[in-house]
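Below is one structure; the comments refer to it alone.
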Amino acid sequence: MKRYFICSTLFFIGLSTIQAQKKSELIEQNQELKFKLDSISKMVSISQRNEKLADQRSDEYQSQVTELQDANATLMKNLNSFAALSSQNSENINKTMAVLERKEKQLKGVTDAVASNDSTAVVILTNSKQVLGENAKVGVTDGSVVISEKLDFFFTDGIGLNPSSESKTWIENVAKVANANPKSVITVASLNITGEMNVALQQATAIASILIKDFGVNGERIVAVGQDGGLRESLQIKFQPDYKAFYDMAKGDAKN
């Protein structure tokens, strides 16, 4: 009996020892698992934080990409606008250059015409001196050559409508000058001091008729006028450029 008791006691002691040992191992395993769990939790937390940062960076990158795309689209639009504007400017410059070139040609035409008129005036002046003599009353006024003589050289006492026979040679020489310079326009003006403009006009017409009928001057070139001479009487024959033709030329150039 006593032996049985001892054995039972030893059995329970051994069982208690085994249970105590298993409990310790379980606690140790539990601690180890807890440590691992904490480590995994930290890793998960870090992963979540990194994922969040990655999402933020992704959003930032996407925003930057969008901004770059918008900036690129704006740049392309500006480049296209600049190209269109540059093309338009080039076209405008070409048009302006063409206009300037055309205007330069027109100006040259006008300048050449003026120079030609000046040359014509010199030629008429020279011809007049050669035909009428160095003592002839010939001058240049405003680009026009004016040949003049006293009114009583043509009409006795400056009155009447029939030119004297002595004046016919003078009129013939003027006709020679006129026919030698067919592009000029001729004005025959009678200047009197009486104020009788109708008589002055008739006198100028009489001289113009002789130039046309007797000496073959083109009547379309001649204009007869009567004028108030103030304190002097004279008959003037003015050779001037064909301003109408010159105006028509300039007007035609301006339209082009």
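Scanning the range 174-194 for residues that are closer than 16 Å to Phe239 by Cα and touching a strand residue (DSSP E or B) at 6+ places or on another chain (Cβ under 9 Å) returns Val174, Val177, Ala178, Asn181, Ser184, Val185, Ile186, Thr187, Val188, Ala189, Ser190. Candidates in the range 146-201 are the residues that are within 16 Å of Arg221 (Cα to Cα) and in a loop (DSSP other than H, G, I, E, B); of these, the one that is most open to solvent (accessible area, probe 1.4 Å) is Lys183. Of all residues assigned to the range 158-173, at least one qualifies as being among the hydrophobic types (A, V, I, L, M, F, W, C) and within 11 Å of Ile237 (Cα to Cα). Checking each residue in the range 202-230 for being loosely packed, with under 14 Cβ neighbours inside 10 Å and assigned to a helix (DSSP H, G or I) picks out Lys213, Gly219, Glu220. Of the listed requirements (1) touching a strand residue (DSSP E or B) at 6+ places or on another chain (Cβ under 6 Å); (2) modelled with pLDDT of 95 or more, Ser209 misses just one: (1). Taken together, the residues in the range 84-137 that are surrounded by fewer than 10 Cβ atoms within 10 Å (Cβ to Cβ) and modelled with pLDDT under 75 amount to 0. Scanning the range 170-184 for residues that are farther than 17 Å from Glu134 by Cα and among the basic types (Lys, Arg) turns up just one, Lys183.
Of the residues making up the range 231-243, those that are part of a strand (DSSP E or B) and open to solvent by 30 Å² or more (accessible area, probe 1.4 Å) are Gln236, Lys238, Gln240.
The values are calculated or read from the model by the stated rules, or taken from the named source; none is laboratory data. In this text the structure is predicted, and so the values were computed from the model without any measurement. So basically every Cβ, Gly included, is an ideal-geometry build from the backbone, and we count neighbours across all protein chains shown. For accessibility, only protein heavy atoms count, side chains too; no ligands or nucleic acids. Shrake-Rupley method; radii C 1.70, N 1.55, O 1.52, S 1.80 Å.
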